[in-house]
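This report refers to the structure that appears directly beneath it.
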């Protein structure tokens, strides 16, 4: 319930923000293929940072989603990549919710 979206290095100004989780994505594929699919593949890592322990890796998981294109044009590729990326993020959220944090 208490998430902060950051890009780059966080600006820590409040004592409550000195301990936090960080979700990092590494994308290997984000494209269409010649068989008419959108492919998104890579991995995600969840880190926990606190003043006492520093930055610790809590979880790592690979993902690979192959989805048939909604249409064979550029707009179809973009729409399919968008829906597939949303699916990947929902799967990641489900996996993170299962973790003992």
The conditions are (1) touching a helix residue (DSSP H, G or I) at 6+ places or on another chain (Cβ under 9 Å); (2) touching a residue at least 12 places away in the same chain (Cβ under 8 Å); (3) exposed (fewer than 13 other Cβ atoms within 10 Å of the Cβ), and residue 99 fails exactly one of them. Which is it? (1)
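Which ones in the range 63-96 are over 17 Å from residue 43 (Cβ atoms), in contact with a helix residue (DSSP H, G or I) (Cβ under 9 Å, 6 or more places away or on another chain) and touching a residue at least 24 places away in the same chain (Cβ under 8 Å)?
67, 68, 69
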If the requirement is being within 27 Å of residue 98 (Cα to Cα), surrounded by 10 or more Cβ atoms within 10 Å (Cβ to Cβ) and at pLDDT below 95, which of these qualifies: 67, 49? 49
Which condition from (1) surrounded by 13 or more Cβ atoms within 10 Å (Cβ to Cβ); (2) at pLDDT 90 or above; (3) out of contact with any helix residue (DSSP H, G or I) (no Cβ under 9 Å at 6 or more places or on another chain); (4) closer than 15 Å to residue 92 by Cα is the one that residue 23 breaks? (3)
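The values are calculated or read from the model by the stated rules, or taken from the named source; none is laboratory data. Nothing here was measured: the structure is a model prediction, and the numbers come from that model. Counting neighbours? That spans all protein chains shown, and the Cβs are built from the backbone with ideal geometry, glycine included.
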